[in-house]
Structure formats: structure tokens, C-alpha cells
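This report refers to the structure that appears directly beneath it.
None of the figures in this text is laboratory data; all of them are computed from the coordinates on show. A quick note: this is a predicted structure, and the numbers were derived from the prediction, not measured. Neighbour counts are summed over all protein chains in view; Cβ atoms, including those assigned to glycine, are modelled from backbone coordinates with ideal geometry.
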Amino acid sequence: MKKLAVIGAGSMAEALISGIVENKLLSGKQIWVTNRSNEERLQQLNEQYGVSTSYNWEEILNDTDLIVLAMKPKDVASAVEQCKHFLTKEMLIVSVLAGVSIESIEILAEKSLAIVRAMPNTSATIGKSATALAANENVSSSQTKLVKTLFETVGLTTFVKEEQLDAVTGLSGSGPAYIYYLVEAMEKSAVEIGLERELAKQLIVQTLLGAADMLSKTTKKPEQLRREVTSPGGTTEAGIKVLETHGVQKAFINCIQEATAQSKRMGESLTAELTISKG
Ligand SMILES: NC(=O)C1=CN([C@@H]2O[C@H](COP(=O)(O)OP(=O)(O)OC[C@H]3O[C@@H](n4cnc5c(N)ncnc54)[C@H](OP(=O)(O)O)[C@@H]3O)[C@@H](O)[C@H]2O)C=CC1
Ligand SMILES: O=C(O)[C@@H]1CCC=N1
């Protein structure tokens, strides 16, 4: 890969750029970044990673092997409209947009393209993303290898069917937020039960790291690991009883289902808009 273009310069774009630069897949200079209008943000990315920045589509997309679409889903139509004349079938387009189908991007670009839809998460910032990828039939085997290598610089990478990406979005794309939500509750309670904030933070983070490692390094199921913590008549049993009374596990199941449904709805509303506007 000689040149990469990143359209959109938010948190997901930065997570990918930092992984690529730190792993020396490309030098900062070989990465061209643009956004809608926030010049200060482009300047910041340039200073931090040495990336090239521009608002000139020809300069950004000319001779580019790979283009990452990293704007919000609501902005994809205007972004693709602006750059579609520079897109060719030889370029690999990688979209990280939640809910936006490969077909919608082709409809917006008004041509058949090599497209990979990706769903990473923000842990990409520290090389720990869980990323799922789905490619269309125009993606060559060398492009498949390239996109896999690219996302491996920011964590674990796996291929799925495109129709599974809404579920991936609801589970692991949004997943870090569910864990942070739990940590917020743990921190609030820690202060109330008499622990200093800093000490509580250390204990919580190590508890999460330890539990994650146990899940990854033992063959035991989560339920078994939970039972091993839960002594009969003990503290965990007393605590979990409260969670069960409040239906917390069911609430998490509903949360993931709703996030998945929202990803689907976002895709469907774009498809409906495209059907109306393009006839
Ligand atoms: N955040 C997350 O946890 C995850 C996000 N995603 C997906 O990643 C995408 C980006 O999310 P995130 O980084 O959080 O978003 P941000 O809001 O942080 O960034 C969006 C960026 O898109 C730019 N942009 C908007 N319109 C255009 C345009 N027409 N042309 C060029 N650039 C444009 C914005 O520029 P400006 O600032 O100038 O307006 C901004 O730089 C979303 O589609 C989301 O679904 C996927 C997985 C996880
Ligand atoms: O909330 C969102 O829509 C994006 C997609 C996955 C995580 N954040």
C-alpha cells in the first residue's frame, strides 16, 4: 500500500491512524486525512501522527489504494456525493459506518466498487479492538489480506457475513460503552461504601482485567466462573440476588438487542432515503 485516505477525522479515524502509524504499516505522510470543516482537528492529527491533510479531493484520492469512510452515518450521502467521481473499482473502500450497507455505498457512488464494511470499537486506540469485516465480491484476495493486516494493527480481526454486522455493532461495536456504564456504577458505589476514588479505580480496573483474562485463558464458561466466586450464603450471592431482583441480566440482553435493532433501522432508513431520491 502506497497511500491511504481517511475521510472523517473523529475518534474512530484517529484510533485507526494511530494503530497504522505505530505499527509502521505506513508512514504518517502516506496517510491523507480530511473532514467536513474542522481545520484545527486536521492540524492536531498532522502534529501528532505526521499525516497529510487536505480539502482537495483530487489530492486526497488520486492514486490511493485504500479509502476509509469514517464520518457519521448521517453524513455518508454528502461525503460520497462530493468524492464519487474520484472513486474507481481498483481502490478498496473500507466503511466503518454503523448500519450502512455495502449496497447503499454503491448506490451513493453510482457504481460498483470493491467495498469492505468493518465494525471495530474504540479500544482500537490502544490496539485492542474487536473488529468484524465483511467484503463484497469485488474485493480481491490481495485487498482482503491488506484490510485484514490493517485492522490487525488495532486488535483482533474476524470476517463475518454482512448481515451479521448489525449484531456485531450491538454486541462489540457499542460493547465498550456497556462496560464503562458498569464501571460508572462501581465507582459511584465505591465512594458511597467508603473507598477513595483512586483506590477504587485501581481495584475496579484490575478486577475487569483479571475477569477478562480468566474468560480468555480458561475453558470455563462465564456461569461457572461466576459460581466459583459465589460462596453459599456469602457476599456475592447477596449482591447477585439484588441484580436478579432488578432483572439486570435481562436488561443487558434487551440493551444488546435494541442496539442491534438500531443498527438495522439506521441502515433501513438510509436505504429508504436512497430509494426515494434515486428512484
Ligand atoms: N465511536 C465508536 O465507538 C465507533 C464508531 N463507529 C463508526 O465510525 C464512524 C465515525 O464515528 P466517530 O469517529 O465516533 O465520529 P466523530 O463524530 O468523532 O467524527 C466524524 C467525522 O466525520 C467528519 N465528516 C462529517 N461529514 C463529512 C463529510 N461530508 N466529508 C468528510 N468528513 C466528514 C467530521 O468532520 P467535522 O468535524 O469537520 O464535522 C468528523 O471528523 C461512525 O459512522 C460510527 O458509526 C464504528 C465503530 C465504533
Ligand atoms: O453508537 C454508535 O452508533 C457507534 C457505532 C458503534 C459504536 N458507536
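Considering only segment 52-76, state which residues are closer than 21 Å to residue 120 by Cα and small (Gly, Ala, Ser).
Once the filter is applied, which keeps residues that are closer than 21 Å to residue 120 by Cα and small (Gly, Ala, Ser), segment 52-76 yields only 70.
Only one of these is in contact (Cβ under 8 Å) with a residue 24 or more places away in the chain, surrounded by 13 or more Cβ atoms within 10 Å (Cβ to Cβ) and away from ligand 1 (no atom under 16 Å from the Cβ): 182, 208. Name it.
208
If residue 58 meets every condition in (1) of a type in the set (Asp, Glu); (2) within 11 Å of ligand 1 (Cβ to nearest atom); (3) in contact with a helix residue (DSSP H, G or I) (Cβ under 9 Å, 6 or more places away or on another chain) apart from one, which number is that one?
(2)
Sort out which residues of segment 75-102 are within 13 Å of ligand 2 (Cβ to nearest atom), in a loop (DSSP other than H, G, I, E, B) and touching a residue at least 40 places away in the same chain (Cβ under 8 Å), and write them in order of number.
Result: 96, 98, 99, 100.
Each row is one residue, and each column tells you yes or no for (1) acidic (Asp, Glu); (2) surrounded by 21 or more Cβ atoms within 10 Å (Cβ to Cβ); (3) over 28 Å from residue 172 (Cβ atoms).
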{"position": "49", "(1), (2), (3)": "no, no, no"}
{"position": "53", "(1), (2), (3)": "no, no, yes"}
{"position": "86", "(1), (2), (3)": "no, no, yes"}
{"position": "93", "(1), (2), (3)": "no, yes, no"}
{"position": "97", "(1), (2), (3)": "no, yes, no"}
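Find the residue count for segment 128-171, including only residues that are closer than 29 Å to residue 252 by Cα, over 12 Å from the mean Cα position of the chain (by Cα) and outside any helix (DSSP H, G or I).
Result for segment 128-171: 5.
Any residue in segment 33-50 that's at negative phi: show its pairings with residues that are charged (D, E, K, R) and more than 16 Å from ligand 2 (Cβ to nearest atom) at Cβ separation under 7 Å, as long as the two are six or more apart or on different chains.
Note: pairs meeting the criteria are 35/41.
Can you tell me which residue is surrounded by the most Cβ atoms within 10 Å (Cβ to Cβ) among those in segment 61-74 that are in a loop (DSSP other than H, G, I, E, B) and out of contact with any helix residue (DSSP H, G or I) (no Cβ under 8 Å at 6 or more places or on another chain)?
Taking the candidates together, the pick is 64.
Any idea which of (1) under 16 Å from residue 97 (Cα atoms); (2) of a type in the set (A, V, I, L, M); (3) without any contact (Cβ under 8 Å) to a residue 24 or more places away in the chain is the one residue 133 doesn't satisfy?
(3)
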